[in-house]
Amino acid sequence: MQRFDINCDQIVSELDRVSKAQTTLVSNTAFPFFLTMTLAVGNLMNQGNVKVANARGFKIWGPEGTLEKMQSVKVKDSQQTLLHFLLAECVAQQPHFAGLFRKDELEDFKGAASLCIDEITAFIKDLASGLKVLKETLDERGIPDGKFREVLGPFQRSALERLTGITMMRNQIENQLTEMVHAFGDDREKCNPKEIFTQLHRFGPRAHAVMTELAVEAAKEEKKREKAGYASPP
């Protein structure tokens, strides 16, 4: 019985972490802006190529996704990557653009990166199966009244009630994850939210480092302007 409570507490904790990461991602406004800029720049670069010009979207996630590729693709005649160029464009379009994710948001992604909603679901089903067996034992085998029934009867009922609540919580989070995946133009059947959070957990620090590099370069340019006697742009 104590083990059941420990397992339920673990499931609730894991579901909370997944839900928090999902909420963090869908409430972030910088990342969608960045993706919009990525699409616009991509269409500009692909002008003249009838197969890919004027695209309405692109693959974001996975090893072959744009998010991964932009970190290694170099801009022509430059040591900078496409990620540098895209973030610089974001700053140019929105001077107050401060980056994609805050540190606390990256921590939320990290918390969910090691979790898989499908594995959590399987764990819930295992617990439900165990309670079903217990109920059958109590109801169908004619166990007489006694300590066994006195203890396990109430436990089975309270445990089932708690697990039902956890299942409802899981279903709600699954619906939210499905909506999140669809919002980014992907299919829930083909895209595991765990992979999204794992990729964002890796990508976020890299984007932060690039923003730092761009800020350093901007500061250097500012000093050059000051030395030359030019006023800073507004």
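The values are calculated or read from the model by the stated rules, or taken from the named source; none is laboratory data. Given the structure is predicted, the values throughout are model-derived calculations rather than measurements. Note that each Cβ is placed from the backbone with ideal geometry, even for glycine, and that neighbours are counted across all protein chains shown.
Side notes on the structure shown:
- Residues of region 16-34 that are crowded, with 16+ Cβ neighbours inside 10 Å and over 15 Å from the mean Cα position of the chain (by Cα): F34 alone.
- Candidates G165, G130, filtered to the one that is surrounded by 11 or more Cβ atoms within 10 Å (Cβ to Cβ), modelled with pLDDT of 95 or more and not hydroxyl-bearing (S, T, Y): G165
- Residues within region 189-201 that are surrounded by fewer than 16 Cβ atoms within 10 Å (Cβ to Cβ) and closer than 20 Å to P32 by Cα, tallied: 1
- Filtering region 92-113 to residues that are among the acidic types (D, E) and buried (at least 18 other Cβ atoms within 10 Å of the Cβ) leaves E105, D108.
- Pair list, Cβ under 7 Å, 6 or more apart: region 73-94 residue over 13 Å from R206 (Cα atoms) and modelled with pLDDT under 90, other residue surrounded by 12 or more Cβ atoms within 10 Å (Cβ to Cβ) and among the aromatic types (F, W, Y): V75/F85
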